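Visitor: First the structure, then my questions, so here it is.
The values are calculated or read from the model by the stated rules, or taken from the named source; none is laboratory data. These figures come from a predicted structure and were not determined experimentally. Don't worry about glycine lacking a Cβ; one is built from the backbone with ideal geometry, like all the others, and counts go over all protein chains shown. Side chains are part of the model used for accessible areas, which takes the heavy atoms of the whole protein and leaves out ligands, DNA and RNA. Shrake-Rupley method; radii C 1.70, N 1.55, O 1.52, S 1.80 Å.
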Amino acid sequence: LRVAFLTTIVPEKEPVELAERTLRAAKAIVYDGQFDVWLLDEGDSDAVKEMCQRLGVRHFSRKGRGYLELNTGMFASKTKHGNHNRWLWEYAGHYDVVMFVDTDHVPLPIMAERLLGYFRDPDVAFVVAPQFYGNQGNRITRWAESAQYLFHSVIQRAGNRRRCAMLVGTNAAVRTSAIRAGYVASITEDMATSLTI
């Protein structure tokens, strides 16, 4: 499979160092095939471009390009779904699967190995990976991880069994043919897109 790994950044709101940590981890993902790492930059920042060049990561920004830079809808500016949809509109045809994580996540080197095998089944549209927290010293983080464990280990599996699994907006892989029309324009773009798929 031809695979693109995506993460996003809004330079005014997220530190470049945070994205760099995520991208370094993405570059360490083991995959024996085409695997391109992309950063979708909402700010078209020079510092972000320099970091991408230094890391050997592909940079994409829709800022200042005019066409499809809208305030609302599926290409809405300053939205995750708008950023991903613009990238999909231009590049989805080059890839079979898109993997993605949020900027503050650090993927493990086995992410591709664990997710991509499911796509041998042509009926699989997306695969979601569980989230694990690295800062276990914080009580709230431990509680949050417990809730994530319940969701991914019990609820998602039950949803999959009932043919209603939910696409989660991070730590996932999606077949580009299943998402060709883009993410639904919604604050909960992942859940809304799941229903569409």
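Visitor: When you scan the range 72-87, how many residues do you find that are in a helix (DSSP H, G or I) and of a type in the set (Gly, Ala, Ser)? It would help to see each step written out before you state the result.
Guide: Initial filter on the range 72-87 (in a helix (DSSP H, G or I)): 80-87.
Applying the additional criterion that residues be of a type in the set (Gly, Ala, Ser) yields 82.
Residues in the range 72-87 being in a helix (DSSP H, G or I) and of a type in the set (Gly, Ala, Ser): 1 in total.
Visitor: Just give me the residues in the range 138-173 being at positive phi and loosely packed, with under 13 Cβ neighbours inside 10 Å, in sequence order. Explain how you work it out, then say what you get.
Guide: First, pick out the residues of the range 138-173 that are at positive phi: 163, 171.
If the condition is that a residue be at positive phi and loosely packed, with under 13 Cβ neighbours inside 10 Å, then Arg163 is the only one that fits.
Visitor: Can you name every residue in the range 156-184 that is assigned to a loop (DSSP other than H, G, I, E, B) and out of contact with any helix residue (DSSP H, G or I) (no Cβ under 6 Å at 6 or more places or on another chain)? It would help to see each step written out before you state the result.
Guide: Taking the range 156-184 and keeping what is assigned to a loop (DSSP other than H, G, I, E, B), we get 162-171, 179-184.
Once the filter is applied, which keeps residues that are assigned to a loop (DSSP other than H, G, I, E, B) and out of contact with any helix residue (DSSP H, G or I) (no Cβ under 6 Å at 6 or more places or on another chain), the range 156-184 yields Arg162, Arg163, Cys164, Thr170, Asn171, Ile179, Arg180, Ala181.
Visitor: While we're looking at this one, here's another question. Going residue by residue through the range 116-137, is there one that turns out to be open to solvent by less than 20 Å² (accessible area, probe 1.4 Å) and more than 23 Å from Leu1 (Cβ to Cβ)?
Guide: No, the range 116-137 contains no residue that is open to solvent by less than 20 Å² (accessible area, probe 1.4 Å) and more than 23 Å from Leu1 (Cβ to Cβ).
Visitor: So, one more: Among the residues of the range 41-65, which ones are open to solvent by 50 Å² or more (accessible area, probe 1.4 Å) and not in a loop (DSSP other than H, G, I, E, B)?
Guide: Asp46, Ala47, Lys49, Glu50, Gln53, Arg54, Arg58, His59
Visitor: While we're on this one: Among the residues of the range 107-129, which ones are assigned to a loop (DSSP other than H, G, I, E, B) and either among the aliphatic types (A, V, I, L, M) or under 13 Å from the mean Cα position of the chain (by Cα) (or both)? It would help to see each step written out before you state the result.
Guide: The initial filter retains those residues of the range 107-129 that are assigned to a loop (DSSP other than H, G, I, E, B), namely 107-110, 121-125, 129.
Selection gives Pro107, Leu108, Ile110, Val124, Ala125, Ala129.
Visitor: Then there is this: Return the residue satisfying two criteria in turn: it lies in the range 92-106 and is open to solvent by 10 Å² or more (accessible area, probe 1.4 Å) and in a helix (DSSP H, G or I), and of such residues it is modelled with the lowest pLDDT.
Guide: Only one residue fits best here, namely Gly93.
Visitor: Please go through the range 131-146 and give me each residue that is within 15 Å of Thr170 (Cβ to Cβ) and modelled with pLDDT of 75 or more, ordered by number.
Guide: Filtering the range 131-146 down to residues within 15 Å of Thr170 (Cβ to Cβ) leaves 131-134, 144-145.
Those that are within 15 Å of Thr170 (Cβ to Cβ) and modelled with pLDDT of 75 or more: Gln131, Ala144.
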